[in-house]
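The values are calculated or read from the model by the stated rules, or taken from the named source; none is laboratory data. It should be emphasised that the depicted structure is a prediction, and the values quoted were computed from it without experimental measurement. Because the Cβ atoms are built from the backbone with ideal geometry, glycine has one as well, and the counts that use them run over all protein chains shown.
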Amino acid sequence: MNFNTKLIHGNHKVDETGATNIPIYLSNAFAHNSAEKLENIMLGKSMGFAYTRISNPTVNSFERRIASIEGGLMATSAASGMSAIYLAIMNIVESGDEIIASSGLYGGTYTLIRNLKSYGISVKFLDNINEKTLNDNITEKTKLVFAETIGNPKMDVLDIDEVSKACKDNNVILIVDSTITTPYLINPLKHGVDVVIHSTSKYINGTSNSIGGIIVDGGSDKYKHMKFKNFSEFNKFGKMAFTAKLKATIGRDLGPALSPVNAFLNLTGVETLGLRMREHCKNAQIVAEYLESSDKISKVNYPGLKSSAYYNIAQKYYKSGASGILTFRLSSKENCFKFINQLELIYNLTNIGDTKTIIIHPGSTICAGNTEEEKEQMGVYEDLLRLSVGIEDVEDIISDIENALKAI
Ligand SMILES: *Cc1c(COP(=O)(O)O)cnc(C)c1O
C-alpha cells in the first residue's frame with residue numbers, strides 16, 4: 001500500500017457490523033466470560049482489552065494506523081505530546097544517566113529535559129547535533145540523544161543519517177520528535193532512529209480538535225547492551241523491549257491514556273494528512289519567498305529557502321517540501337506586536353499544524369519562562385515571529401500579511 005492509501009486503510013479490517021469508520025468504544029473496562037481469559041489478557045499472554053487506561057479498541061486502532069504509516073513495530077499513544085515525550089525519555093533513563101539534547105527543541109520539551117536534573121539525570125544541550133559533537137560529548141553514562149527533525153522554533157534541520165550512525169556507534173538510543181515533519185515528509189525509523197514521537201495535536205489531527213501524543217517504536221537491539229541494565233528483564237521481548245517496558249512500567253504507572261474520543265478524531269483527521277501537508281508545504285514556500293522579498297523583514301528562517309543554512313540538508317531529506325512552519329524577524333518587539341495587531345485572517349495563538357494560519361511572538365509567550373541565554377540558544381529573539389502556514393488560499397494569507405506590514 002502507498003502512503004495515502006495507508007492513511008485511510010492501514011492496519012484496519014471492517015468489523016462484522018460493516019462500519020467503515022472505527023467505532024468509539026467509550027467503555028472503561030471490558031468483560032470476559034472466563035477468569036482464565038481475563039488473566040491471560042492482563043498478563044499480556046493473549047490479545048484483548050481489559051481496562052482503557054492500558055488499552056482500548058479505538059485507541060488501539062489509532063496506534064496501529066500510525067505504526068503503519070511510520071513503518072514502526074508498534075505505537076503507544078498518550079494524552080498529549082508532552083506526556084508522550086516524558087514517557088519515552090523516562091522509559092530509558094535512570095538516576096545517574098546523561099541525556100544529550102538539541103538546544104533548538106520545542107520550549108516545553110526543553111524545559112522538561114532541563115528539569116530532569118532534580119531526578120539526578122544530567123543533560124547537555126548542544127547547539128549543533130552532528131557526528132562530531134556527539135562523539136565529543138557522549139560518555140559512558142549517556143543513554144539517550146533527543147532531537148527534532150526540524151526544530152520548533154529554531155528551524156534547524158537534523159542530519160538524521162549522520163546522527164543515527166553516531167548513536168549506533170556509541171550504543172545510545174536516538175529519539176526524534178517528528179511533529180513538524182510528520183510521516184508524510186519523513187519516516188525517521190527508516191534512517192536508523194530508534195523511537196519517533198509526534199504531538200498528534202498538530203498536523204496528525206490536523207484541525208486542532210484534540211490534544212494527543214504518540215510514541216512509535218522502531219525496534220532496536222541496543223537495549224541488550226550491558227549499559228541498559230534497566231532493560232534486562234525486557235530483553236526476552238527481543239526488538240520490542242522498549243514498548244514492552246513502556247507498557248509494563250511507566251506507561252501503566254503514570255497512566256496518561258489518550259481518550260477514545262480523541263483517538264477517533266485523530267483517525268478521522270489523519271486520513272487527509274497527505275493532502276493537507278502538500279498544501280501546507282506549498283503555501284509555506286510561497287509565503288517564505290514573499291516575506292524574504294520584503295525590505296521590512298530582516299531575516300526569514302525556512303529550510304526550503306536557498307538562504308537557509310539548512311537548505312542542502314533539507315533538500316536531501318525533504319524532497320516533498322519543508323513543512324509549514326517558518327520564523328521571521330521584524331527588527332523590534334514593538335514591530336512584531338504592531339504587525340500581529342493588524343492581522344485579520346491570521347490567528348494569534350499558541351499552536352502549530354492547524355489548517356488555519358497561526359502567528360505567535362515566541363519571546364513573550366511560549367518561551368517567556370526561558371532565560372535570555374536559553375532563548376538565544378533556541379533561536380528566539382525579541383523581534384522574532386513564528387508563522388504556521390495554513391491551507392487557506394495563499395493569496396489571502398499573503399494579502400493579510402501585506403496589509404499588516406503597512407503598519408510598520
Ligand atoms: C506542540 C509540540 C509538542 C507538545 O505537544 P502537546 O500535544 O502540546 O503536548 C512537542 N513537540 C513539538 C515539536 C510540538 O510542536
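Structure summary
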item	result
From 266, 301, 283, residue being touching a helix residue (DSSP H, G or I) at 6+ places or on another chain (Cβ under 6 Å), farther than 30 Å from residue 78 by Cα and crowded, with 20+ Cβ neighbours inside 10 Å	283
Positions within segment 158-193 being more than 14 Å from the chain's Cα centre (by Cα) and within 16 Å of the ligand (Cβ to nearest atom), in sequence order	160
Identity of the residue in segment 391-408, assigned to a helix (DSSP H, G or I) and among the small types (Gly, Ala, Ser), that ends up surrounded by the most Cβ atoms within 10 Å (Cβ to Cβ)	404
Listing of helices (runs of 4 or more DSSP H) fully contained in segment 29-115 that carry 2 or more residues being in contact with a helix residue (DSSP H, G or I) (Cβ under 8 Å, 6 or more places away or on another chain) and away from the ligand (no atom under 16 Å from the Cβ)	57-70
Residue match in segment 212-220 (condition: farther than 19 Å from residue 80 by Cα and either without any contact (Cβ under 8 Å) to a residue 60 or more places away in the chain or outside the structural domain of residue 61 (by TED's automatic domain parsing) (or both))	yes
Extreme residue, farthest from the ligand (Cβ to nearest atom), among residues of segment 116-140 that are assigned to a helix (DSSP H, G or I) and under 20 Å from residue 376 (Cβ atoms)	137
Conditions (1) modelled with pLDDT under 95; (2) closer than 30 Å to residue 164 by Cβ; (3) not acidic (Asp, Glu): number failed by residue 322	(1)
Among the residues listed as 229, 154, the single one being farther than 20 Å from residue 66 by Cβ, within 15 Å of the ligand (Cβ to nearest atom) and surrounded by fewer than 24 Cβ atoms within 10 Å (Cβ to Cβ)	154
Per-region count, segment 203-226, residues closer than 28 Å to residue 387 by Cα and surrounded by fewer than 23 Cβ atoms within 10 Å (Cβ to Cβ)	5
Filter result (more than 15 Å from the ligand (Cβ to nearest atom) and either among the aromatic types (Phe, Trp, Tyr) or assigned to a strand (DSSP E or B) (or both)) within segment 141-151	142, 143, 144, 145
Residue pairs meeting the criteria (Cβ under 7 Å; at least 6 apart or on separate chains; first on the phi > 0 side of the Ramachandran plot, in segment 71-91; second surrounded by fewer than 23 Cβ atoms within 10 Å (Cβ to Cβ) and not aliphatic (A, V, I, L, M))	71/187; 71/190
Leading residue by the ranking (surrounded by the fewest Cβ atoms within 10 Å (Cβ to Cβ)) among those in segment 366-390 that are touching a residue at least 40 places away in the same chain (Cβ under 8 Å), outside any helix (DSSP H, G or I) and over 20 Å from the mean Cα position of the chain (by Cα)	369
Residue within segment 6-13 that is under 25 Å from residue 235 (Cβ atoms) and buried (at least 18 other Cβ atoms within 10 Å of the Cβ) present	no
Single condition residue 363 does not satisfy, out of (1) part of a loop (DSSP other than H, G, I, E, B); (2) touching a strand residue (DSSP E or B) at 6+ places or on another chain (Cβ under 8 Å)	(1)
